[in-house]
């Protein structure tokens, strides 16, 4: 399974990168995040636990995972490796690229072989978990963080 979410953001790259890397503030900025907390810290990241909801009209499906997180400020990248939860083994890469002084491109790529479920591993990942849950949450996260840092055109 591979999902790609990309967005052009009207904000400086450093500002967008700071919002992407400052995961503990995501619940303040993103209504679909229930909590984010570090269970272990180290320079440049740590082990982070996240919980969000995937809305389906009036219904809100709760999801939870724990990831190793690495922040590379020089490259403006944030990487995750899911280590607990249904998506254990998933790799995530956030890339923040300047396109000008107030224009930034942000890309989130999720790659995963699927859950450890015999016979339905690939269909579950490619038909449901990836497009419905991963993309559904990642696209909302990206759009919400963009709104929180965007500057109006002058």
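Quick note: the coordinates plus some simple rules give every number you see, no bench work behind them. Since this is a predicted model, take the numbers as computed values, not measurements. Because the Cβ atoms are built from the backbone with ideal geometry, glycine has one as well, and the counts that use them run over all protein chains shown.
Observations, loosely collected:
- Ordering 17, 133, 56 from the fewest to the most neighbouring beta carbons within 10 Å gives 56, 133, 17.
- Helical runs assigned H by DSSP (4 residues or longer) give the chain a calculated mean residue ellipticity at 222 nm of -5000 deg cm²/dmol, each run adding -39500 (n - 2.57) before division by the residue total.
- Against the empirical curve 2.2 N^0.38 Å, the C-alpha radius of gyration of the stretch 2-149 lands at a ratio of 1.02.
- The spacing between the stretch 108-135 and the stretch 41-82, judged by their C-alpha centroids, is 17 Å.
- Modelled this way, with points 7 Å down the Cα-to-C-beta line, the labels at residue 10 and residue 37 are 3.8 nm from one another.
- Approximate spin-label separation residue 68-residue 111, in nm, with each point projected 7 Å along Cα-to-Cβ: 1.6
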